[in-house]
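Note sheet for the following structure.
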Amino acid sequence: MTLFDMTGKVAVITGSTRGIGLAIAERMAEHGAKVVISSRKADVCDQVAKEINAKYGAGKAASVATNISSKENLQHLVEESNRIFGKIDVLVCNAASNPYYGPLAGISDDQFRKILDNNIVANNWLISMVVPQMIARKDGSVVIVSSIGGLKGSTILGAYAISKAADMQLARNLACEYGPHNVRVNCIAPGLIKTDFAKALWDNPDNLKASTSRTPMLRIGIPDEIAGAAVFLGSAAGNFMTGQTMVIDGGATIS
Ligand SMILES: NC(=O)c1ccc[n+]([C@@H]2O[C@H](COP(=O)([O-])OP(=O)(O)OC[C@H]3O[C@@H](n4cnc5c(N)ncnc54)[C@H](OP(=O)(O)O)[C@@H]3O)[C@@H](O)[C@H]2O)c1
């Protein structure tokens, strides 16, 4: 048993079929947790769960397809996770949307609302569905994957950055509400990570240079470099941390 051991814990991770969510699910499984794999595509969820079971042992991973836009889907995710594994100890709200790059004057109302709904409101729905059982057990950890976009002004990521700043405040608010019940709520704020989601920011050499040339580590990150923070927050190592945002960005925000 180490501080980072997650044996006996059940973790539900939204958007865990690729990118940061997948890295978190894999590392949590490696550290002993049972994990629920979830994204919009059932076949891909099944395949990822199968691969984790093959790698870390049968019964480690289950698959529950979920679109975070749907409250019914989220309720189903919680019910299925409880049915399969009996409880949820760690919730990682990782999936998010950003359908628009450009100045705020050009964003449609539907795009703006989708960003706020998926990145803020849906997180609050899902957390509200899971926290009661955590309160009953007097133990639980909620992790919201925010972004350093929520810490800085932006000329192209405006609405998304607003939503990610709101996630940090959501964590602070819920940390105050649930702290007395020993339920922790924190954010992880990654910098630029090499995933499909951020492809526009690293896909060609000019964009990559623009994204990294003024950062201390002069490179973008990989999903696995975010996973350790989630293991920390989901394990005993993070037991006294709540309401905080862990910035993991190769120094991008300090330079
Ligand atoms: N990559 C970066 O540079 C970066 C930086 C800072 C923060 N982040 C944050 O990190 C989180 C994960 O992003 P990522 O870069 O790992 O993205 P990604 O590689 O594109 O993976 C996104 C995951 O979420 C799922 N997903 C997308 N929309 C969904 C929806 N409506 N409902 C349920 N699942 C959905 C995807 O599967 P399906 O498409 O099959 O549903 C996939 O499993 C996001 O919150 C993002 O804002 C990313």
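Some observations on this one:
- Choice from ILE135, ILE20, ILE156 with maximal GNM fluctuation in the chain (Cα, 10 Å cutoff): ILE156
- Placing unit charges on the Cβ atoms only, positive for Lys and Arg and negative for Asp and Glu, gives the chain a dipole magnitude near 220 debye about its Cα centre.
- With N the number of residues in the stretch 177-255, Rg(Cα) / (2.2 N^0.38 Å) evaluates to 1.32.
- Across ARG184, ARG214, ARG27, the residue with the most accessible area heads the list, and the full order at a 1.4 Å probe is ARG214, ARG27, ARG184.
- Considering only alpha-carbon pairs that sit under 8 angstrom and 6 or more positions apart, the relative contact order computed for the stretch 2-250 is 20 percent.
- Surface per residue (accessible, 1.4 Å probe) for the chain, Å²: 46
- Centre separation in Å (Cα based) which lies between the stretch 50-104 and the stretch 214-241: 20
- Zone of LYS55's modelled label, taken as backbone nitrogen in the stretch 1-22 under 20 Å from a point 7 Å along Cα→Cβ: 4-22
- Helix 122-137 axis, angle to the chain major axis (alpha carbon atoms, nearest 10°): 30
- Against the chain, whose longest principal axis comes from its Cα atoms, helix 71-85 is set at around 40 degrees.
- Remark: accessible surface ordering of VAL12, VAL44 (largest first) is VAL44, VAL12, probe radius 1.4 Å.
- Taking each residue as 0.36 nm, the span from ASP110 to LYS199 lengthens on full extension beyond its C-alpha to C-alpha distance by 29.8 nm.
- By accessible area with a 1.4 Å probe, ligands and nucleic acids excluded, highest first: order of CYS93, CYS176: CYS176, CYS93
- Under 21 Å from LYS34, Cα to Cα: lysines that are on another chain or at least 8 residues apart: LYS9, LYS50, LYS55, LYS60, LYS87, LYS138
- With the convex hull drawn around the C-alpha atoms of the chain, the volume per residue stands at 124 Å³.
- The portion of the accessible surface of the stretch 2-250 made up by carbon and sulfur, rounded to a whole percent, is 55 (1.4 Å probe; DNA, RNA and ligands excluded).
- Choice from SER39, SER70, SER147 showing the highest fluctuation, given a GNM over the chain with Cα pairs closer than 10 Å: SER70
- Within a straight-line Cα-Cα reach of under 16 Å, LYS209 can be paired with the following lysines, leaving aside sequence neighbours fewer than 8 residues apart in one chain: LYS194, LYS199.
The values are calculated or read from the model by the stated rules, or taken from the named source; none is laboratory data. Since this is a predicted model, take the numbers as computed values, not measurements. Methodologically, a virtual Cβ is constructed for each residue, glycine included, from the backbone with ideal geometry; neighbour enumeration extends over all protein chains shown. Just so you know, the surface numbers come from the protein's heavy atoms only, side chains and all, with ligands and any DNA or RNA stripped out. Shrake-Rupley method; radii C 1.70, N 1.55, O 1.52, S 1.80 Å.
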